[in-house]
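Take a look at the structure set out below.
Taken together, the values in this text are just the output of simple stated rules run on the coordinates, not laboratory data. This one's a predicted model, so the numbers in the text were calculated from it and none came from an experiment. For neighbour counting, all protein chains shown are included, and Cβ atoms are generated from backbone atoms with ideal geometry for every residue, glycine included.
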Amino acid sequence: MAALLYIHGFLSSPQSFKAQQTQRWLAENHPEIDFYCPQLPPYPAQTQSILESLVESLLPQPIYLMGSSLGGFWATWLAEKYNLQAVLINPAVQPQNFMPAYLEVDLKSYHTDDSYRLHAGHIDEIIAADVPAIRTANYWLLVQTGDETLDYRQAVQKYAACKQTIEDGGDHAFQGFERYLHDCIEFFQHTER
């Protein structure tokens with residue numbers, strides 16, 4: 001058995017399109033892989049605690065990480081902490097740079113009625129989770145140059161020595177992501193230790 005942990009983006013949820021798409025595809029094509037996608041708050045320390053608890057409950061079975069946007073930041077943090085493989089979809093590289101715009105305002109989840117408020121201390125928490133050096137063989141970066149939310153070039157630079165797929169056009173949601181699901185599972189299974 002193996003587990004795939006899908007980590008959604010900022011203010012998103014397990015109801016996100018790619019999370020749902022991945023869950024359905026796995027159920028049809030790889031029912032032996034258990035799918036997990038926890039609801040994560042925008043609070044970094046809480047998110048770390050949720051993700052750590054989940055990963056530690058799943059070990060020692062193989063765990064595959066998939067992270068979109070801010071979820072890509074968290075997938076990188078987990079991949080380094082536990083030496084796991086990760087597929088990153090238009091990942092946030094330095095979320096501390098865009099977080100100030102979200103401080104001290106009422107934030108709403110895209111898919112639920114949950115509301116949040118970030119404070120300056122949350123930026124310190126995200127900086128503390130930033131991973132400057134990475135095990136390059138553990139990653140596959142998927143980016144589209146038309147990402148309207150994040151500068152894809154930051155991810156291309158950070159993951160320069162990793163497997164990369166850079167598509168012209170597209171958007172932050174990564175159009176046509178389902179085309180890569182088969183290859184993602186191949187990547188995970190061929191890089192398992």
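Worth a mention:
- Looking only at residues in the stretch 147-193 that are among the small types (Gly, Ala, Ser) and without any contact (Cβ under 8 Å) to a residue 12 or more places away in the chain, the one that is farthest from GLY72 (Cα to Cα) is GLY176.
- Residue count for the stretch 82-132 satisfying the condition of being outside any strand (DSSP E or B) and aliphatic (A, V, I, L, M): 13.
- For first residues located in the stretch 62-81 and assigned to a strand (DSSP E or B), partners that are charged (D, E, K, R) and lie 6+ apart or on another chain with Cβ distances below 9 Å form the pairs TYR64/GLU192; MET66/LYS18; SER68/LYS18.
- Single residue of the stretch 139-193 satisfying the filter (in a helix (DSSP H, G or I) and aliphatic (A, V, I, L, M)) that is nearest to the chain's Cα centre (by Cα): ALA155
- Answer residue from the stretch 52-76, given it is under 17 Å from the mean Cα position of the chain (by Cα) and hydroxyl-bearing (Ser, Thr, Tyr) and is surrounded by the most Cβ atoms within 10 Å (Cβ to Cβ) among those: SER68
- Selection of the stretch 26-60 for residues being in a strand (DSSP E or B) and either in contact with a Ser or Thr (Cβ under 7 Å, 6 or more places away or on another chain) or aromatic (Phe, Trp, Tyr) (or both) yields PHE35, TYR36.
- In the stretch 79-91, residue farthest from GLN20 (Cα to Cα) [restricted to those that are among the hydrophobic types (A, V, I, L, M, F, W, C) and under 10 Å from the mean Cα position of the chain (by Cα)]: ALA86
- Residue match in the stretch 134-154 (condition: in contact with a strand residue (DSSP E or B) (Cβ under 6 Å, 6 or more places away or on another chain) and of a type in the set (Ser, Thr, Tyr)): yes
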